[in-house]
Amino acid sequence: MLRTIYILWLRQLKRYIRSKARLIGSLGQPILFLVALGFGFGPIYAKAGEGNYIQFLAPGIIAMSVLFTAMFNGIEIIWDRQFGFLKETLVAPVSRFNIMLGRTLGGATVAIIQGLIVFIISHLVGFRVSNWETLPIGILFMFLIALIFTALGTAIASMLEDMHGFQLIMSFVVMPTFFLSGSLFPLKDLPKAILIIAQFNPLTYGVDGMRQALTNMGHYTYLQNLSVSVVVAFIVLIIGSYLFSKIEI
Amino acid sequence: MKIIEVKNLTKSFKDLKAVDNISFSIDKGDIFAFLGPNGAGKSTTIKMMTTLLKPSSGDIKIDGHDIFHEKDKVRKSFGIVFQDASLDSELTAYENMYFHAVLYGVEKKLIKEKIKNLLEMVELWDRKNDLVKKFSGGMKRRLEIARGLLHHPKILFLDEPTLGLDPQTRNHIWLYIKKLNEKQKITIFLTTHYMEEAEKMANKIAIIDKGKIITIGDAEKIKQDTNTKTLEESFLKLTGKTIRAEKAEKMMPHFVKNKR
């Protein structure tokens, strides 16, 4: 059982390391966001008395790249379906739950690596970790974000036949999740409607937990962030593996 | 001894019956050819026999195991080469084999040797570290056959294994298959559109059309029954000369296939 999970995890990693173009390409967006938003809104943010915007923004952008990579890795099942490899795993005498779990852990690992790369890059634009001791907690939150969204991507991809729905997912799931999460702006003093949406967004708690760990600027407590993230991760994993187990070709 | 038993098998997609109440059985060691025009229900039948698709009704036993309740035993008993590619092209030939060995629980210390033997058999050992995306169609097919044999299956399903290959490669592949059947007594279940290949290879042939089996027996019997000289002629006589829709499933709305 562990071997099954391990080999599927390894496959995700190998695919990630081998596609250099994807690796480099996926760094463009976070760098652009850090530079344009960080330096663009920095002066206004400082004038409003909130301090250094880069400090606030960087955890949000790290979360963004974890989110995007994780979703993409989950959705990759559609490619496996189109290129036929999915069949090979589905006729194998192993439980589909283990296949789904191995794949999801692999996707999550890739997403964390991507997040750590952005973490390092953010230091080049002036981000500074205020407490190195809590970095492992930050990585834990990265892992939870990665797990939730890889599993969500898997769940969605299990219901899709081909890539036509991809743009739909980007526009109506991934982008709103990112923009309405407190990644880019503080949650306090938000208009009620936006705040309510953010409170229903699981990414909000992941970003907040990570931000707290890296910069001591949390909105909720660790316990709140952790419990919401863990519960959501479990729910999404269960739904994802259920839908994955129902795939027919 | 019957190694495959199919009884009253039916698969309906909404209002279309892709497979309509078919029954047949295959003896251990047989080479069984399953023939029919496009959209006749061949691939749907194979998908049901290999646990990829759930039948609407009917029973299938593979190597004595029921496909509904003993899925894992069924899955261990066969190897399959699908109609279209099923390799991970971002992995090497060796990695594709290794992945399969782990999924099928091949004993760790035997894996290397088994992969070597099989890759040598299909003459790909010297390309073992190349990414599969660099392979030609024929090489991919050979790799898939080698992979399908890695866990010592009792049955090998081959869904149009020679489609789109040149005569040399086709000949090569049939030689492997014949050898496997003779030396290791592996039962072969194949579909093909090349009637002369089916005639030459198979000792039992079934022709399916519009979801129903219209004849079953050896090539001689089918030719006698239809009063024709070649299997191709019998096939055309039995199934008519009109061209069929590409694939029954392609006519289905997209969402149907995911649901039961």
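I'd like the orientation of helix A:222-245 relative to chain A: the angle between its Cα long axis and the longest Cα principal axis, in ° from 0 to 90, rounded to 10. The two axes meet at around 20 degrees. Its residue count N sets the reference 2.2 N^0.38 Å, and the alpha-carbon radius of gyration of the protein assembly as shown equals 1.16 times that reference.
State the percent of C-alpha pairs, over all pairs in chain B, separated by a distance greater than 27 angstrom.
Working: 12970 of 33670 pairs.
Every Cα pair in chain B considered, those over 27 Å come to 39 percent.
Length gained on full extension, residue B:110 to residue B:227: 36.9 nm, using 0.36 nm per residue less the C-alpha separation. Helix A:53-75 and the longest principal axis of the Cα set of chain A meet at an angle near 10°.
For the stretch A:216-249 versus the stretch A:47-91, the inter-centroid distance based on Cα atoms is 15 Å. Separation of the stretch B:221-237 from the stretch B:142-187 is 26 Å, based on Cα centroids. For the stretch B:139-251, a Kirkwood radius taken over Cα pairs fed into Stokes-Einstein (37 °C, viscosity 0.692 mPa s) yields D = 211 µm²/s. Ordered by the number of other Cβ atoms lying within 10 Å of each residue's own Cβ, fewest first, A:123, B:151 fall into the sequence A:123, B:151.
Checking the cross-link pairs B:14/B:210; B:221/B:241; B:42/B:112; A:87/B:134; B:114/B:204 against a 27 Å limit on the alpha carbon distance flags B:42/B:112; B:114/B:204 as lying beyond it.
Going by neighbour counts of Cβ atoms within 10 Å, the residues B:170, A:22, A:103 line up, fewest first, as A:22, B:170, A:103. With Cα atoms as the point set, the radius of gyration and Dmax of the stretch A:126-221 evaluate to 15.2, 46 Å.
For the pair the stretch B:56-89 and the stretch A:1-20, the centres of their Cα atoms are 25 angstrom apart.
Quick one: net charge of residue A:5's neighbours, Cβ under 13 Å, K/R +1, D/E -1?
Once positives and negatives cancel, what remains is +4.
Among A:170, B:139, the order by Cβ neighbours within 10 angstrom, fewest to most, reads A:170, B:139. Helices of chain B meeting both criteria, an alpha-carbon length of 15 angstrom or more along the long axis and an average Kyte-Doolittle score not below -1.0, with helices taken as full DSSP H segments, are B:93-103, B:108-121, B:137-148.
Here is how the number arises for the protein assembly as shown: DSSP H runs of 4 or more residues each give -39500 (n - 2.57), the sum is divided by the residue count, and the result at 222 nm is -18000 deg cm²/dmol. Each Lys and Arg Cβ is given +1 and each Asp and Glu Cβ -1; about its Cα centre, the protein assembly as shown then shows a dipole of about 440 debye.
Quick one: grab the alpha carbon gyration tensor of the stretch A:95-182, order the square roots of its eigenvalues as a ≥ b ≥ c, and give me rounded if a/c is under 1.5, else prolate or oblate depending on whether a/b is larger than b/c. Here the stretch A:95-182 falls in the oblate category.
Placing pseudo-labels 7 Å out from each Cα toward the beta carbon at residue A:170 and residue B:236 gives an inter-label distance of 5.0 nm.
In terms of the Cα gyration tensor, with a ≥ b ≥ c the square roots of its eigenvalues, is the stretch B:82-184 rounded because a/c is under 1.5, prolate because a/b exceeds b/c, or oblate?
It comes out oblate by the Cα gyration axes.
Provide the percentage of antiparallel DSSP beta bridges, counting only those with both residues in the protein assembly as shown; round to the nearest 5.
Percentage antiparallel, nearest 5: 55.
For the stretch A:2-245, the Cα-based Rg and Dmax, in that order, read 18.0, 62 Å. Prolate is the label for the stretch A:1-145. Its Cα gyration tensor axes, ordered a ≥ b ≥ c, give a/c of at least 1.5 and a/b above b/c.
Read-outs: derived from the displayed coordinates by stated rules, not from any lab. Model, not experiment: these values are computed from the prediction. Heads up, the Cβs are rebuilt from the backbone with ideal geometry, glycines too, and the neighbour counts pull from every protein chain shown.
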